[in-house]
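Below is a structure I'd like to ask you about.
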Amino acid sequence: MGEIDDAIERADREGFTRQPPKTLQAHINFLIKQLKTTKAVAAELGVSQRSVERYRKGERKHPPKAIAERIDAAVRARWQPQVRRRRRKQAATTRGLTVETRARFGYTAPIGTTDDGRFRRLTVHLPPVYAQRLFDARNTGASDQEMRQIIAEGFKEIYFQDGGARALGLSDVTLNDIDYLDLDY
């Protein structure tokens, strides 16, 4: 996963209206309810079916760290899908998304102006069209670099060019050396 994927996952988790199950047994029961069989859960987690049955009965309470992380990730990926879809739809149609980042921004500018990249800390609200493009790119398996470019284009239009009021000669904006990136929608 790339930085943008991670940011989208964090934003999804922040939108949960209820917290996911906390105990190992509750996690396994939730996964069985979602996937229908212990065999399917075992295949998803990469463990034996018998291990899943032991986790479910409480005979085994402390899986290895890697397996515990896979269980947690599988639960979070399936937790409240309607809430996720609704929030993403709202972001893509009406609300847009807010990007907070500290990264090196570079750009191509006309001769006589500075185009040296430098670190900036920005919080910019991007319109719904950029949220839609970002979600579409993620759903089609776009690379992290391609998703960065979508965000950079949004920053170019909204922040650097102020919606067409300034810096009209600015052509390409790049987003590099991301220190952190957080999304909210």
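Can you divide the C-alpha Rg of the chain by 2.2 N^0.38 Å and report the result to two decimal places?
1.31
So, R0 is 35 Å and r is the distance between the beta-carbons of Q90 and R50; what FRET efficiency does that work out to, to 0.05?
That gives a FRET efficiency of 0.20.
Highest first, please rank the peptides 76-84, 23-31 by the mean number of other Cβ atoms sitting within 10 Å of their residues.
23-31, 76-84
Any idea what the dipole of segment 24-159 comes to, in debye rounded to 20, about its Cα centre with Lys/Arg Cβ at +1 and Asp/Glu Cβ at -1?
My answer is approximately 880 debye.
What's the FRET efficiency of Q82 with H125 using the Cβ-Cβ distance as r and R₀ = 30 Å, to the nearest 0.05?
0.75
Would you mind classifying segment 1-87 by shape? Square roots of the alpha carbon gyration tensor eigenvalues, ordered a ≥ b ≥ c; an a/c under 1.5 is rounded, otherwise it is prolate if a/b is larger than b/c and oblate if not.
prolate
Can you list the lysines whose alpha carbon is less than 16 Å from that of K39, not counting same-chain residues fewer than 8 positions off?
Cross-link targets: K57.
Taking 0.36 nm per residue of separation and subtracting the Cα-Cα distance, what length does fully extending D182 through K33 add?
Length gained between D182 and K33: 50.4 nm.
Might you work out the accessible area of V129 for me, using a 1.4 Å probe with all protein chains in place, and round it to the nearest 10 Å²?
So the heavy atoms of V129 present about 80 Å² to solvent.
Mind checking the per residue accessible area of segment 1-45 for me, 1.4 Å probe, whole number of Å²?
For segment 1-45, the per-residue accessible area is 56 Å².
The values are calculated or read from the model by the stated rules, or taken from the named source; none is laboratory data. This structure is a prediction, so every number in the text was calculated from the model and none was measured. Because the Cβ atoms are built from the backbone with ideal geometry, glycine has one as well, and the counts that use them run over all protein chains shown. Keep in mind that these areas ignore ligands, DNA and RNA; they rest on the heavy atoms of the full protein, side chains included. Shrake-Rupley method; radii C 1.70, N 1.55, O 1.52, S 1.80 Å.
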